[in-house]
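To start, I am sharing the structure in question, which I have written as C-alpha cells.
The values are calculated or read from the model by the stated rules, or taken from the named source; none is laboratory data. Keep in mind the model is a prediction, meaning the values are calculated, not measured. With ideal geometry, Cβ positions are generated from the backbone for all residues, glycine too; neighbour counts draw on all protein chains shown. Just so you know, the surface numbers come from the protein's heavy atoms only, side chains and all, with ligands and any DNA or RNA stripped out. Shrake-Rupley method; radii C 1.70, N 1.55, O 1.52, S 1.80 Å.
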Amino acid sequence: IIHLATHAEFQPGKPSNSYIQLWNDKLNLAQIERLNWRNPQVDLLVLSACRTALGDRESELGFTGLAVKSGAKSALGSLWYVDDQGTLGLMTEFYQQLRGAALKSEALQLAQQAMISGKVRLENGQLVTTAGQLNLPANLQQNNHNFSHPYYWSSFTMIGNPW
C-alpha cells in the first residue's frame, strides 16, 4: 500500500497542468502513467488529496485511473476538494476497516457508513473512530465536529481490483 497524503490539483486540458505536490517537486498527470506500479506490485494506491479521481476527455479517471492503468491493482481517490480533518477521519477509519474487510471497496463503504452515523468525529481534541480515540496535534485540533455530512466522506471512490 502506498498512501500519498498531500495536495493535488486536477486542471482540465494538458496533462502537465495537473499535479500531485511532493515535498519540493510536483508529479504531474503525464508522469504518473510512467511510474511502474507493477514492480513491485502496488496492491493499493491511496491518493487522499483533492480531486485525484477527477478526469476529463484526456484522462478519464485522473491520477487514480492512470495509476491503475500503469499497474496498481486498485486506487482510492477523491472527486472534489476535500477537508483535511474529515479526510483524516475517513482514512483512519478506512485503514481500521481494511484489516477485517474482504474487499477494499467494502472497507471504504464501512468507513463512510461510520462517518454517516457519527462514529467518526472530532471531540475534545481527539479523533474518535470505531477503534477508539486518537490524540491530535494542536494544529489539527478543532472544536467538536461531526463528519456525517456527505461533503466529508462521499468524494472518495475506489477503482480497479476490489480484492
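Checking the conditions here, which among ALA72, ALA67 is assigned to a loop (DSSP other than H, G, I, E, B), open to solvent by less than 10 Å² (accessible area, probe 1.4 Å) and over 16 Å from TRP153 (Cβ atoms)?
ALA72
Find the strands (runs of 3 or more DSSP E) located wholly in the range 117-163 whose residues include 1 or more that are among the polar types (S, T, N, Q), and list them. Even if it seems obvious, please write down each step before you answer.
On the way: elements: 121-123, 126-129, 132-135, 156-160.
Output list reads 126-129, 132-135, 156-160.
Kindly indicate whether any position in the range 41-53 is out of contact with any strand residue (DSSP E or B) (no Cβ under 6 Å at 6 or more places or on another chain), surrounded by 16 or more Cβ atoms within 10 Å (Cβ to Cβ) and part of a helix (DSSP H, G or I).
Checked the range 41-53: no residue is out of contact with any strand residue (DSSP E or B) (no Cβ under 6 Å at 6 or more places or on another chain), surrounded by 16 or more Cβ atoms within 10 Å (Cβ to Cβ) and part of a helix (DSSP H, G or I).
Further question on the same structure: Within the range 10-27, how many residues turn out to be surrounded by fewer than 16 Cβ atoms within 10 Å (Cβ to Cβ) and either under 14 Å from the mean Cα position of the chain (by Cα) or assigned to a strand (DSSP E or B) (or both)?
Step one: list which residues in the range 10-27 are surrounded by fewer than 16 Cβ atoms within 10 Å (Cβ to Cβ), which gives 11-14, 16-17, 21-26.
Filter once more, keeping what is either under 14 Å from the mean Cα position of the chain (by Cα) or assigned to a strand (DSSP E or B) (or both): 21, 26.
Of the residues in that region, 2 qualify.
Out of the range 99-124, which residues are without any contact (Cβ under 8 Å) to a residue 60 or more places away in the chain, open to solvent by less than 40 Å² (accessible area, probe 1.4 Å) and in contact with a helix residue (DSSP H, G or I) (Cβ under 8 Å, 6 or more places away or on another chain)?
Scanning the range 99-124 gives ALA101, ALA107, LEU108, ALA111, GLN112, ALA114, MET115, VAL120, LEU122.
Please go through the range 109-130 and pick out each residue that is at pLDDT 95 or above and at positive phi.
Answer for the range 109-130, where residues must be at pLDDT 95 or above and at positive phi: just GLY118.
Now, a different point. Small (Gly, Ala, Ser) and either at positive phi or touching a strand residue (DSSP E or B) at 6+ places or on another chain (Cβ under 6 Å) (or both): is that true of SER105 in this structure? Give the derivation first.
Numbers: small (Gly, Ala, Ser): yes; either at positive phi or touching a strand residue (DSSP E or B) at 6+ places or on another chain (Cβ under 6 Å) (or both): yes.
Taking the combined requirement at face value, the residue satisfies it.
Here is a follow-up. Looking at the range 54-64, which of its residues are assigned to a loop (DSSP other than H, G, I, E, B) and either out of contact with any strand residue (DSSP E or B) (no Cβ under 9 Å at 6 or more places or on another chain) or aromatic (Phe, Trp, Tyr) (or both)? Please lay out each step first, then the result.
First pass over the range 54-64, keeping only residues assigned to a loop (DSSP other than H, G, I, E, B): 54-61.
Those that are assigned to a loop (DSSP other than H, G, I, E, B) and either out of contact with any strand residue (DSSP E or B) (no Cβ under 9 Å at 6 or more places or on another chain) or aromatic (Phe, Trp, Tyr) (or both): GLY55, ASP56, ARG57, GLU58, SER59, GLU60.
Further question on the same structure: Considering only the range 30-38, I want to know if a residue exists there that is part of a helix (DSSP H, G or I), in contact (Cβ under 8 Å) with a residue 24 or more places away in the chain, open to solvent by 40 Å² or more (accessible area, probe 1.4 Å) and of a type outside the set (D, E, K, R). Reasoning before the result, please.
Applying the first criterion (part of a helix (DSSP H, G or I)) to the range 30-38 yields 30-32.
After this cut, where a residue has to be in contact (Cβ under 8 Å) with a residue 24 or more places away in the chain as well, the list is 32.
Applying the additional criterion that residues be open to solvent by 40 Å² or more (accessible area, probe 1.4 Å) yields none.
Looking for residues that are part of a helix (DSSP H, G or I), in contact (Cβ under 8 Å) with a residue 24 or more places away in the chain, open to solvent by 40 Å² or more (accessible area, probe 1.4 Å) and of a type outside the set (D, E, K, R), one finds none in the range 30-38, hence no.
Separate question: Which one is modelled with the lowest pLDDT, of the residues in the range 21-41 that are touching a helix residue (DSSP H, G or I) at 6+ places or on another chain (Cβ under 8 Å) and within 27 Å of LEU103 (Cα to Cα)?
Here is the first cut: in the range 21-41, the ones touching a helix residue (DSSP H, G or I) at 6+ places or on another chain (Cβ under 8 Å) are 28-30, 32-33, 35, 37.
Remaining after also requiring within 27 Å of LEU103 (Cα to Cα): 32-33, 35, 37.
Working: ILE32: 86, GLU33: 78, LEU35: 88, TRP37: 91.
Going through the qualifying residues, I end up with GLU33.
Which count do you get for residues in the range 125-138 that are touching a helix residue (DSSP H, G or I) at 6+ places or on another chain (Cβ under 6 Å) and of a type in the set (Val, Ile, Thr)?
Total meeting the criteria: 2.
Any residue in the range 67-94 that's under 19 Å from LEU110 (Cβ atoms) and free of Cβ contacts under 8 Å to residues at least 40 places away in the same chain: show its pairings with residues that are among the hydroxyl-bearing types (Ser, Thr, Tyr) and surrounded by fewer than 18 Cβ atoms within 10 Å (Cβ to Cβ) at Cβ separation under 7 Å, as long as the two are six or more apart or on different chains.
Qualifying pairs under 7 Å: GLU93/THR130.
Here is a further query. In the range 78-90, is there at least one residue being assigned to a strand (DSSP E or B) and under 16 Å from the mean Cα position of the chain (by Cα)?
Of all residues in the range 78-90, those assigned to a strand (DSSP E or B) come to 78.
Among the residues that remain, those that are also under 16 Å from the mean Cα position of the chain (by Cα) are: 78.
Yes, some residue in the range 78-90 is assigned to a strand (DSSP E or B) and under 16 Å from the mean Cα position of the chain (by Cα).
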